[in-house]
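*Asks:* Got a structure here, written out as structure tokens. Questions coming.
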Amino acid sequence: MLEILTRITQGKGRDSDIETLLSIAKTVKECSLCGLGQTCPNPVLTTLNYFRDEYDAHIKEKKCPAAVCDALMISPCQHTCPVGINVPKYVAHIAAGEYLQAVETIRERNPFPAICGRICHHPCEGRCRRGELEESVAIRALKRFAADWYFEHVDELPEPEPFPRTRNQKVAIIGAGPCGLSCAYFLAQAGYGVTIFEAMGIGGGMPAVAIPDFRLPREVINSEIDYIVKRGVEIKYNTPLDTKFTIEHLQANGYDAVFIAAGAQKSQVIGIPGESEALAGFHYGLRFLHDAKLGKKVKVGRRVAIIGGGNVALDASRTALRLGAEEVNVYYRRSREEMPVTEVEFDEAVSEGVNVHFLVGPTRITSDEGKVTGLQCIRMKLGEPDDSGRRRPVPVPESEFFAEADTVIAAVGQAADLSFLPPDSALERSRWERLVVDSNSLSTNVAGVFAGGDFVFGAGMIIDAIAGGRRGALAIDKYLRGDRSRVQMYDTRQPGIKEAEKPITEEEGTWEAAFRPEMPMLPIEDRKRSFSETELGLSEEKAGYEAKRCLRCDLET
Ligand SMILES: Cc1cc2nc3c(=O)[nH]c(=O)nc-3n(C[C@H](O)[C@H](O)[C@H](O)COP(=O)(O)OP(=O)(O)OC[C@H]3O[C@@H](n4cnc5c(N)ncnc54)[C@H](O)[C@@H]3O)c2cc1C
Ligand code: SF4
Ligand code: SF4
């Protein structure tokens with residue numbers, strides 16, 4: 001067993017290893033006559049039972065989700081970034097004042113440095129080794145610094161040129177969100193002709209139509225899309241795929257492969273009495289944010305109640321404050337621990353005046369003469385874990401209470417909208433109304449049709465959608481070349497150590513506690529009624545200091 005486990009942690013695991021381990025462990029347990037023999041296979045059996053996905057990740061994707069198997073990674077930050085950005089390399093470029101090279105390094109894996117520099121939930125920082133000393137390196141803020149520098153100096157820099165077209169085949173992409181745009185970018189880089197068909201008049205997906213300007217200004221999204229278009233990607237706006245303009249039409253028009261990246265556009269209903277868009281003062285979070293972001297007139301009352309605990313709920317709460325609400329209450333049925341938002345987002349909402357009430361579930365939306373009057377709620381406690389692994393909220397008997405509100409915003413999740421596919425579409429769907437795809441290649445059951453991002457995996461994080469786009473591009477490239485091998489998105493060590501990658505000298509290497517610089521923020525009083533960006537970005541001096549805190553884990557032998 002030790003031999004098999006060792007090779008799995010070294011990235012040399014075989015597909016048959018899990019079955020072999022199970023069989024050896026069970027045989028040892030059942031056939032041993034002493035207590036030692038009967039119990040020694042337990043750790044293997046338990047981990048195979050509870051962490052099967054981790055075994056699969058090690059064997060099939062050469063990934064160690066906990067970033068502890070040294071043989072599988074070059075640095076923990078690069079390994080935990082879903083797209084595998086060479087973080088130490090770009091951070092070292094920033095330390096050396098080579099900002100263009102820093103941006104180019106990020107773009108090797110992610111065409112959205114400015115967007116991710118603002119809203120990525122930065123799993124890389126959670127595994128940064130500097131964090132074991134005092135504080136992790138501010139990897140995301142450094143990404144934003146380099147990207148902002150690029151766009152501020154874009155007129156002085158060489159104009160980006162289209163990638164050379166080296167392949168005859170054409171690929172169609174449905175949806176110009178982060179997933180579709182990434183897929184298009186990497187396919188154009190691989191030499192294919194790429195056209196994106198986008199339903200709306202603007203590109204960018206959720207970042208462009210839902211994430212408020214105070215977290216992600218429109219100009220930032222436009223600049224990144226401009227760059228992608230300059231590299232040779234064509235976008236056809238106001239061109240939705242629907243039951244009349246279908247995937248079959250695209251194939252008949254000479255597209256050799258299709259990638260569907262249509263996102264999760266449907267707001268989920270809560271399913272409680274009184275929930276109706278016909279009521280004055282009731283909104284679904286996505287529509288509310290969409291209208292506010294696109295500058296439509298959106299009215300909120302004096303007291304706003306938000307139901308939910310994710311990005312949409314918190315963005316809606318902060319938007320409501322800016323639109324004039326005097327009191328904003330967020331009601332979430334679980335606890336802070338289960339809330340899928342970053343610490344910064346949560347702290348900013350609270351510091352702006354949003355009240356968050358945990359372990360509260362709404363049971364009815366009340367109204368009078370067609371106008372919302374409030375929420376009937378019940379307190380919850382956490383019970384046993386559910387299918388998602390999170391503890392299930394259970395109502396506490398006789399704990400009902402009423403919360404007054406003149407606006408109620410429901411933000412309990414989004415789902416893919418498959419209604420644009422004809423009813424007789426051959427694409428296989430799961431019973432949760434999602435497309436079924438192969439997890440490695442993102443291919444559907446129809447040859448040449450692939451799908452990824454929120455459309456397939458449900459509302460998630462932007463960097464996972466970008467990773468899906470890159471995976472889709474690699475898979476389509478293989479498909480069009482007739483290569484049936486697995487997609488490999490392993491970390492790669494780049495040959496040669498450039499100037500910016502020199503190991504630090506002994507003197508520089510003497511460790512001294514040094515903390516990350518604080519992100520300059522727009523003062524709270526300036527945020528009232530203003531959609532100006534709240535995080536202001538690191539100065540050049542602070543970015544240089546922060547970049548030098550990186551321990552260059554990639555240079556360890
Ligand atoms: C309010 C809000 C805040 C968020 N905050 C964060 C955050 O802070 N950090 C983070 O990591 N993630 C955040 N996210 C999640 C992130 O934005 C998404 O995970 C990401 O945008 C998914 O990308 P996608 O390309 O799969 O889908 P989308 O961004 O939804 O893009 C899909 C695109 O497909 C188009 N489309 C749909 N149907 C069709 C059709 N039939 N024909 C043609 N085009 C079509 C849509 O118009 C859209 O442009 C947030 C999401 C929301 C809604
Ligand atoms: S894209 Fe996100 S996860 Fe990847 S390195 Fe940047 S901040 Fe970290
Ligand atoms: S110290 Fe540097 S190389 Fe090491 S994990 Fe942190 S950012 Fe990555």
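*Asks:* I'd like the full set of residues that are open to solvent by 50 Å² or more (accessible area, probe 1.4 Å) and over 27 Å from Pro240 (Cβ atoms), limited to region 402-418.
*Replies:* Here is the first cut: in region 402-418, the residues open to solvent by 50 Å² or more (accessible area, probe 1.4 Å) are 402, 404, 406, 412, 417.
Matches in region 402-418: Phe402, Glu404, Asp406.
*Asks:* While we're looking at this one, here's another question. What are the residue pairs meeting all of these: first residue in region 461-487, first residue within 13 Å of ligand 2 (Cβ to nearest atom), second residue part of a loop (DSSP other than H, G, I, E, B) and open to solvent by 30 Å² or more (accessible area, probe 1.4 Å), Cβ atoms under 6 Å, and 6 or more apart or on different chains?
*Replies:* Met461/His121; Ile463/Pro82; Asp464/Pro82; Ala467/Pro82
*Asks:* Answer yes or no as to whether Leu181 is surrounded by 23 or more Cβ atoms within 10 Å (Cβ to Cβ) and either in the same structural domain as Gly84 (by TED's automatic domain parsing) or more than 21 Å from the chain's Cα centre (by Cα) (or both).
*Replies:* Numbers: surrounded by 23 or more Cβ atoms within 10 Å (Cβ to Cβ): yes; either in the same structural domain as Gly84 (by TED's automatic domain parsing) or more than 21 Å from the chain's Cα centre (by Cα) (or both): no.
Judged against the criteria, Leu181 is not a match.
*Asks:* Could you tell me which of the residues Tyr90, Tyr150, Tyr99, Tyr50 is surrounded by 23 or more Cβ atoms within 10 Å (Cβ to Cβ), of a type in the set (Ser, Thr, Tyr) and without any contact (Cβ under 8 Å) to a residue 60 or more places away in the chain? It would help to see each step written out before you state the result.
*Replies:* Values: Tyr150 fails: surrounded by 23 or more Cβ atoms within 10 Å (Cβ to Cβ); Tyr99 fails: surrounded by 23 or more Cβ atoms within 10 Å (Cβ to Cβ); Tyr50 fails: surrounded by 23 or more Cβ atoms within 10 Å (Cβ to Cβ).
Just one listed residue meets the conditions, Tyr90.
*Asks:* Against the conditions (1) under 27 Å from Ile524 (Cβ atoms); (2) touching a Lys or Arg at 6+ places or on another chain (Cβ under 9 Å), where does Val350 fall short? Just the number, please.
*Replies:* (2)
*Asks:* Quick check: is even one residue across region 402-418 more than 25 Å from the chain's Cα centre (by Cα) and in the same structural domain as Ile211 (by TED's automatic domain parsing)? Before the answer, list the steps.
*Replies:* First, the residues of region 402-418 that are more than 25 Å from the chain's Cα centre (by Cα): 402-408.
From the residues that got through so far, the ones that are in the same structural domain as Ile211 (by TED's automatic domain parsing) too are none.
Within region 402-418, none of the residues are more than 25 Å from the chain's Cα centre (by Cα) and in the same structural domain as Ile211 (by TED's automatic domain parsing).
*Asks:* What pairs come up if the first residue lies in region 113-124 and is farther than 20 Å from Gln101 by Cα, the second is part of a loop (DSSP other than H, G, I, E, B) and within 15 Å of ligand 3 (Cβ to nearest atom), and their beta carbons are under 6 Å apart, counting only those six or more places apart or on different chains?
*Replies:* Between residues of region 113-124 that are farther than 20 Å from Gln101 by Cα and residues that are part of a loop (DSSP other than H, G, I, E, B) and within 15 Å of ligand 3 (Cβ to nearest atom), the close pairs are Cys124/Cys81.
*Asks:* Would you say Gly263 is surrounded by 21 or more Cβ atoms within 10 Å (Cβ to Cβ), touching a Phe, Trp or Tyr at 6+ places or on another chain (Cβ under 6 Å) and over 30 Å from Ala316 (Cβ atoms)?
*Replies:* no
*Asks:* From the list Gly537, Gly482, Gly458, Gly469, which one is modelled with pLDDT of 80 or more and crowded, with 19+ Cβ neighbours inside 10 Å?
*Replies:* Result: Gly469 is the single residue among Gly537, Gly482, Gly458, Gly469 that is modelled with pLDDT of 80 or more and crowded, with 19+ Cβ neighbours inside 10 Å.
*Asks:* Within region 136-182, work out how many residues are away from ligand 1 (no atom under 16 Å from the Cβ), of a type in the set (A, V, I, L, M, F, W, C) and out of contact with any helix residue (DSSP H, G or I) (no Cβ under 7 Å at 6 or more places or on another chain).
*Replies:* Residues in region 136-182 being away from ligand 1 (no atom under 16 Å from the Cβ), of a type in the set (A, V, I, L, M, F, W, C) and out of contact with any helix residue (DSSP H, G or I) (no Cβ under 7 Å at 6 or more places or on another chain): 1 in total.
*Asks:* When region 223-258 is examined, which residues are found to be away from ligand 1 (no atom under 14 Å from the Cβ) and assigned to a helix (DSSP H, G or I)?
*Replies:* Ser223, Asp226, Tyr227, Val229, Lys230, Glu248, Gln251, Ala252, listed by residue number.
*Asks:* While we're here: When you scan region 7-107 for helices (runs of 4 or more DSSP H) that lie fully inside it, which ones turn up with 3 or more residues that are within 16 Å of ligand 2 (Cβ to nearest atom)?
*Replies:* Here the list reads 76-80, 87-95, 99-107.
The values are calculated or read from the model by the stated rules, or taken from the named source; none is laboratory data. In this text the structure is predicted, and so the values were computed from the model without any measurement. Here the Cβ is made from the backbone with ideal geometry for all residues, glycine too, and neighbour counts use every protein chain on show. SASA here: full protein model, heavy atoms, side chains in, ligands and nucleic acids out. Shrake-Rupley method; radii C 1.70, N 1.55, O 1.52, S 1.80 Å.
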